[in-house]
Structure formats: C-alpha cells, structure tokens
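A.B. asks: Before I ask anything, here is the structure I am working with.
The values are calculated or read from the model by the stated rules, or taken from the named source; none is laboratory data. Just so it is clear, the model here is predicted, and its values are computed rather than measured. Ideal geometry is used to build each Cβ from the backbone, glycine not excepted, and the neighbour counts take in all protein chains shown. These area figures cover heavy atoms from the full protein model, side chains too; ligands, DNA and RNA do not enter into them. Shrake-Rupley method; radii C 1.70, N 1.55, O 1.52, S 1.80 Å.
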2 protein chains.
Amino acid sequence: MSDASESGIPERKRGSGVKVVYEMLRDEILDLKLPPGSPIDEVQLAERFGMSRTPIREALVRLAGEGLVETLPNRSAMVANIDVLNLHTFYDAITLMYRVTTRLAAQYHRPADLVTIRAHQAKYAAAVAAQDALAMVSTNRDLHAAIAEAGRNPYYTWLTLRLLDEGRRILRLYYQSFDDRLPQEYVEEHEAMIDAIAARDIERSDRIASAHADQIVRQIQKLLARDERQSVPL
Amino acid sequence: MSDASESGIPERKRGSGVKVVYEMLRDEILDLKLPPGSPIDEVQLAERFGMSRTPIREALVRLAGEGLVETLPNRSAMVANIDVLNLHTFYDAITLMYRVTTRLAAQYHRPADLVTIRAHQAKYAAAVAAQDALAMVSTNRDLHAAIAEAGRNPYYTWLTLRLLDEGRRILRLYYQSFDDRLPQEYVEEHEAMIDAIAARDIERSDRIASAHADQIVRQIQKLLARDERQSVPL
DNA sequence: TGCATTTTATTTGTCGACAGAATTTCGACC
DNA sequence: GGTCGAAATTCTGTCGACAAATAAAATGCA
C-alpha cells in the first residue's frame with residue numbers, strides 16, 4: 001500500500017516539502033486515485049511523506065483554495081465531490097474559455113508559443129495513437145493550457161486551468177470504466193485550431209474552438225447518459 | 001500604530017483565528033492600507049494578532065492562492081503588485097464576466113435573488129448620495145457579486161469575485177487621491193440592469209452590462225491618463 | 001576610501017507536542 | 001434487546017522552538 005516508506009529519504013531540500021506533497025496529492029485527486037468524498041487524514045499523510053503535519057496542512061490549504069478539497073471546521077478534510085447535477089455550468093464555462101483563450105491566442109501569440117503548442121499537440125497525437133486514455137486527457141489539458149498561455153490573459157488562463165483540471169477528473173471517471181476510441185477527430189480539430197491561431201484568424205479560431213468544446217461536451221454527455229444496467233435473467 | 005494590543009483578548013474560539021487574520025489582511029490589502037509591494041513579516045503579524053505564526057501562515061497561503069500576496073522561497077511574502085501595464089487583460093475579463101453573469105442572472109435568478117440584489121443596490125445608492133467613495137467601491141462589488149451568485153455558475157462567480165477585488169484595489173488607488181463625482185450614472189445603469197434581469201430579458205441584460213463595463217473601463221482609463229504634473233514656477 | 005569576505009542577525013520552513021472538538025466505544029438503564 | 005448517556009479515543013487547530021537560508025553588518029585588504 002505505502003511504497004514510499006522504503007526509500008531512506010531524510011534528504012529533502014528546505015521548502016520543497018510542500019511542493020512535493022501538493023503536486024502529489026493534486027495528481028492523485030485528479031486521477032481519482034483519491035476518490036471524491038474520501039476523507040484526508042493529515043497524520044496518515046505525514047507519515048507517508050515522512051514529514052511533519054505542517055507542510056501537509058499547507059498543501060491542503062492550497063488545494064482547498066483551488067476547490068479540489070473541502071474542509072469542514074474541526075473535521076477531516078475531504079476530496080471535493082464532482083457535482084454531476086450542475087455539470088451544465090461546467091459545459092458553459094469551458095466552452096466560453098475555449099473560445100476566449102483561442103481568440104486571444106490567435107491575436108497575441110508569439111512564434112515561441114506556436115512551438116510549445118505544436119509540441120503538446122504532437123504528444124497528444126502520440127497518446128491517441130497509443131490508445132493511452134490517461135495520457136490523452138493529460139496532454140489535452142497541457143495543449144489547451146498552452147493556448148491559454150499564448151493568449152496572455154492571466155485571469156482567463158487561471159479559470160481555464162481550473163476547468164481543465166476539473167474536466168480531467170470527469171473524463172477520468174469515464175475512461176476508468178470504458179475504453180472506446182473516437183478521439184481521432186480531436187486530433188484533427190486540434191490541428192485546425194492551431195492552424196487558425198497561426199494564421200491569426202480570430203473568427204475561425206473562435207468557430208473551431210466552439211465546435212471543439214461542443215464535441216467534448218457531447219462526449220461527456222454521451223458517457224453520462226450511458227445505460228449501465230445489465231440484462232439479468234430473473 | 002498598533003491599537004489591537006491594548007484589548008486583553010486571550011479569548012478566541014478554536015478555528016476562528018485563521019478566518020480573522022485572513023479577512024483582516026484581505027481588507028487591508030484591498031483598501032491599500034497595505035500598499036502593493038510592501039513586505040509582510042509573519043512575526044510582526046503574529047504579535048499584532050496575539051497568536052502564533054501558524055494561523056498567520058495559513059492565512060497568507062490562502063491569500064497567495066487568490067493572488068493577493070506573492071511569496072518567494074525563504075524570503076518575505078509581499079503584497080501583490082498592481083500590474084498597470086497589463087490592465088487591458090483586466091478590462092477584457094471584467095467586461096466578459098459582467099456580461100456573462102448578468103445574462104445568467106436574467107436566466108436563472110429566483111425571487112430571493114432579486115431581493116438581495118435590490119438591497120445591495122440600495123446600499124450603493126446610499127453610498128453615492130453620501131459621497132462615500134470607499135463605500136461605493138465596496139457596495140458596487142457586493143452588488144455584482146450578488147448578480148453573479150444569481151447566475152448560479154460557480155466558475156464565473158469565482159472569477160468575477162477575483163476581478164471585483166482586483167478592481168477594488170485599482171479604484172482605491174484612484175479615490176485615494178481624487179474625489180470627484182459622476183457615479184450617479186452608475187446608479188441608473190444599475191437600476192436598468194436589475195430591471196432587465198427581473199424581466200428575464202437576456203439580450204437587454206447583456207447590452208446594459210456591456211455598456212456598464214465600458215463605462216467603468218473608461219473611468220479607470222481616464223484616471224490613469226490624468227496628468228498629475230503641477231505647474232511649478234522655475 | 002572602496003570593495004570583497006566573513007560574521008552576525010533576522011526570517012522563514014519544519015518539527016514535535018498539547019489542548020479542544022468530534023466521533024466512537026462502552027456501559028447503564030428502561 | 002434497544003436506547004440514551006458517559007468515558008475514551010482520534011484528529012484537528014494552535015503553540016513554542018530549532019535549524020536552514022537569506023539579508024545585513026562588520027571586518028580585513030588593496
């Protein structure tokens with residue numbers, strides 16, 4: 001269960017503790033290794049990471065600030081739940097952020113941005129080719145994060161990153177139980193999106209981003225509408 | 001300088017410490033009582049609030065997560081600077097959020113929301129009548145926060161709140177040195193906005209919110225373009 | 001006098017410990 | 001046997017202290 005206790009690791013740079021815990025916990029939450037709603041024991045984490053509760057708590061506070069963990073006073077912190085009932089607010093927001101960041105990227109990107117964006121797209125295409133669902137979700141996030149970055153509006157970038165992370169959890173919920181393939185379309189849509197950005201065609205970027213978001217929303221909706229009942233003979 | 005040390009206050013509920021420090025520091029940062037770029041000494045705050053450094057640190061981590069303080073490793077935390085050069089990203093984002101949240105409020109508001117919104121509007125009008133610039137900025141924030149809340153999209157609400165807070169700092173920068181009056185227009189625009197929301201007229205809400213945002217942006221730009229040189233005889 | 005280097009001092013990051021709250025366990029009573 | 005209440009346990013919130021790292025001061029040298 002705990003494999004981190006074997007390595008003798010009294011060596012740790014001052015100030016790196018929080019970062020390690022934060023990133024590790026964050027990944028585990030987004031990958032659903034820590035399932036939504038599960039309680040988080042500070043002492044347990046402290047022994048697991050071989051450090052005091054102080055840096056653990058600081059990491060938890062940060063994660064709470066990003067909405068990934070929920071804390072109740074004098075009670076254990078919990079991994080934030082995925083609010084399936086209000087998913088439409090997520091659809092709405094991610095669509096708008098896709099559109100806005102792509103528009104701004106077309107407007108303000110610099111040559112170096114395109115290099116970064118294309119590198120992420122290559123990784124995404126590789127993940128699709130390898131049928132690696134987890135890598136697809138992760139590289140898709142990185143690609144859109146790079147596009148948002150190229151738009152150079154930190155407020156939009158911030159919200160986009162949060163939405164992408166939330167989406168990573170939702171998609172993970174999906175790919176956990178199901179492994180079909182259709183994301184080849186996404187590769188092509190990404191290519192078209194990058195072309196539009198490179199051409200600085202704002203309206204075309206907007207249209208493609210909008211269609212891309214719709215595509216993803218439909219994908220998630222199809223997943224959620226899936227009827228998982230099995231025909232059992234009675 | 002420190003007037004909080006006089007009151008004998010060993011009485012403090014468990015778990016309230018962080019909240020007190022967080023809200024106090026937050027207000028002081030937004031009101032520019034703590035000027036942007038000024039260093040934050042944890043020990044000093046600890047004695048001032050009569051508590052240990054632990055809750056202070058936790059409050060600072062939270063504020064850092066909201067972008068109100070910047071922390072460098074092994075160095076003092078600083079009150080976040082106001083990036084005047086990239087103000088256009090702020091204009092862009094606040095305009096979009098005004099539009100989106102007002103649209104959603106027109107669509108999804110419930111009767112109780114209108115009561116809350118109108119109450120905030122009344123307070124805003126009172127602040128304008130009283131020529132209380134600080135109260136105007138504060139109540140304006142509360143009003144738009146209530147509208148965002150009525151739209152029921154937590155992602156938009158989150159970004160809107162952050163933008164409103166950032167705007168509070170920017171406007172505070174203005175009203176600090178200058179006290180003129182023109183916000184009577186804002187009162188009327190707010191009234192029109194609330195009417196459109198109550199009528200569930202999405203397009204009209206959008207138009208008014210857009211115009212309102214433009215108005216505020218122009219106001220800030222006029223402030224920043226102000227020539228503060230004084231004609232000194234040489 | 002000016003600059004580089006060592007020494008001092010201040011400040012953060014982390015630790016272990018204690019007390020308050022809440023949950024759980026155990027026991028008594030109906 | 002079930003339910004209510006009390007003791008015990010567990011976990012969080014806060015504290016004071018120590019050590020690393022940086023900033024400041026002091027010293028030596030050219």
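A.B. asks: Which of the residues spanning the range B:87-126 are aromatic (F, W, Y) and either open to solvent by 60 Å² or more (accessible area, probe 1.4 Å) or within 11 Å of another protein chain (Cβ to nearest Cβ) (or both)?
C.D. replies: The answer is B:F90, B:Y91, B:Y108.
A.B. asks: Any chance the range A:31-43 includes a residue that's in a helix (DSSP H, G or I), away from DNA strand D (no atom under 16 Å from the Cβ) and under 22 Å from the mean Cα position of the chain (by Cα)?
C.D. replies: No, every residue in the range A:31-43 fails to be in a helix (DSSP H, G or I), away from DNA strand D (no atom under 16 Å from the Cβ) and under 22 Å from the mean Cα position of the chain (by Cα).
A.B. asks: Go through the range B:51-86 and count every residue that is more than 19 Å from the chain's Cα centre (by Cα), closer than 12 Å to B:V18 by Cα and more than 9 Å from every other protein chain (Cβ to nearest Cβ).
C.D. replies: Number of matching residues: 5.
A.B. asks: Looking at the range B:44-55, which of the residues that are farther than 17 Å from B:A80 by Cβ and assigned to a helix (DSSP H, G or I) is farthest from DNA strand D (Cβ to nearest atom)? If you could, list the steps in order and put the result at the bottom.
C.D. replies: Of all residues in the range B:44-55, those farther than 17 Å from B:A80 by Cβ come to B:44, B:46-55.
Going one step further and asking which of them are assigned to a helix (DSSP H, G or I), we end up with B:44, B:46-49, B:53-55.
On the way: B:Q44: 14, B:A46: 7, B:E47: 10, B:R48: 12, B:F49: 8, B:R53: 6, B:T54: 4, B:P55: 4 Å.
Checked the range B:44-55; the qualifying residue farthest from DNA strand D (Cβ to nearest atom) is B:Q44.
A.B. asks: Yes or no: the range A:147-167 includes at least one residue that is modelled with pLDDT of 80 or more, away from every other protein chain (no Cβ under 14 Å) and open to solvent by 10 Å² or more (accessible area, probe 1.4 Å). First the steps, then the outcome.
C.D. replies: Just the residues of the range A:147-167 that are modelled with pLDDT of 80 or more, to begin with: A:147-167.
Keeping just the survivors that are away from every other protein chain (no Cβ under 14 Å) gives A:147.
So of that shortlist, the ones also open to solvent by 10 Å² or more (accessible area, probe 1.4 Å) come out as none.
The answer is no, given that none of the residues of the range A:147-167 is modelled with pLDDT of 80 or more, away from every other protein chain (no Cβ under 14 Å) and open to solvent by 10 Å² or more (accessible area, probe 1.4 Å).
A.B. asks: Could you list, in sequence order, all residues of the range B:13-47 that are of a type outside the set (V, I, T) and within 14 Å of chain A (Cβ to nearest Cβ)?
C.D. replies: Scanning the range B:13-47 gives B:K13, B:R14, B:G15, B:S16, B:G17, B:K19, B:Y22, B:R26, B:E42.
A.B. asks: Restricting attention to the range B:212-227, does a residue exist that is at positive phi and touching a helix residue (DSSP H, G or I) at 6+ places or on another chain (Cβ under 9 Å)?
C.D. replies: Taking every residue of the range B:212-227 in turn, none turns out to be at positive phi and touching a helix residue (DSSP H, G or I) at 6+ places or on another chain (Cβ under 9 Å).
A.B. asks: Might you check whether a residue that is open to solvent by 50 Å² or more (accessible area, probe 1.4 Å), assigned to a helix (DSSP H, G or I) and free of Cβ contacts under 8 Å to residues at least 24 places away in the same chain occurs anywhere in the range B:178-190?
C.D. replies: yes
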